[in-house]
Amino acid sequence: ENIPVDYLSEKYNVVEFNTAVKPYYFEYLLSKGFDIVHYLDPDIEVFKDFSELDELLNQYNIILTPHLSTPLDIDGKLPDESWLIIFGLYNLGYLGVGNTSTGREIMKWWKERVYHYGKAGNGLFVDQKWMNRAPLLFPEQSRCARVISGVSPPMAAVYRVKYPPRQLVECLSTF
């Protein structure tokens, strides 16, 4: 399916537009027969190959990257956990999707929400907050991999303070 560039470019500013097209690219690449599709924001540094991520996507439909995996101290400093209400639980600066019926269904669902509701000004932060619901709506996708190197700008200070450099895939955790 073609990306509705005219509609999206009228609806979104340039930053919003660049995030809103992600599910369209995933759908396109999966429709072309790619078994696995990884997305990385341009500010993510890769420290090793993706073989572990590929193995995970052979078992699961999608890999989501939590902004945080432990509670923060309430110390009056920013960023704090209230930022997750604004930006969403998951950082879509990295997203991996397997070419499964559920993986494709999640991308279709996400694309439709971004198309209809994704304007940042209405508190949905374009694409990211929709993935808060994915583990609930798609129970086959009941696990996520925590990818420490995929850190969003609002949470970068937290990761630098609380987490030393680690392997690309740190653990599997269930919701």
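The values are calculated or read from the model by the stated rules, or taken from the named source; none is laboratory data. It should be emphasised that the depicted structure is a prediction, and the values quoted were computed from it without experimental measurement. FYI the Cβ positions are ideal-geometry reconstructions off the backbone, even for glycines, and counts take in every protein chain you see. Just so you know, the surface numbers come from the protein's heavy atoms only, side chains and all, with ligands and any DNA or RNA stripped out. Shrake-Rupley method; radii C 1.70, N 1.55, O 1.52, S 1.80 Å.
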What distance in nm lies between label points placed 7 Å from Cα along the C-beta direction at PHE17 and HIS116?
2.4
The answer for LEU64, listing residues at least 5 apart or on another chain whose modeled amide H is closer than 5 Å to its amide H, is ALA145
For TYR28 and GLU45 in the same chain, what is the full-extension length gain: residue separation times 0.36 nm, less their Cα-Cα distance, in nm?
3.6 nm
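May I ask you to compute the full-extension gain from ASP73 to SER101, defined as 0.36 nm times their residue separation minus their alpha-carbon distance, rounded to one decimal in nm?
Values: separation 28, 0.36 × 28 = 10.08 nm, distance 4.02 nm.
Extra length from ASP73 to SER101 when fully extended: 6.1 nm.
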What's the ranking of 132-139, 90-97 by average number of surrounding C-beta atoms within 10 Å, highest first?
90-97, 132-139
So, with a 1.4 angstrom probe, what is the percent of accessible area on segment 19-129 that is carbon and sulfur?
55
With every protein chain left in place, what is the accessible area per residue of segment 1-112 in square angstrom, probe 1.4 Å?
56
How much accessible surface area, in Å² rounded to 10, belongs to the heavy atoms of TRP130 with a 1.4 Å probe?
30
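Quick check: with the 1.4 Å probe, what order do ASP41, ASP75, ASP35 take by accessible area, largest first?
From most exposed to least exposed: ASP35, ASP75, ASP41.
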Excluding ligands and nucleic acids, what accessible area in Å² is computed for SER31 using a 1.4 Å probe, to the nearest 10?
80
Packing-based ranking, highest mean first, of 15-27, 51-63 given that Cβ atoms within 10 Å are counted
15-27, 51-63
Flagged as over-length at 21 Å C-alpha distance, from LYS11/LYS129; LYS48/LYS77; LYS32/LYS108; LYS32/LYS111; LYS11/LYS108, the pairs are LYS48/LYS77
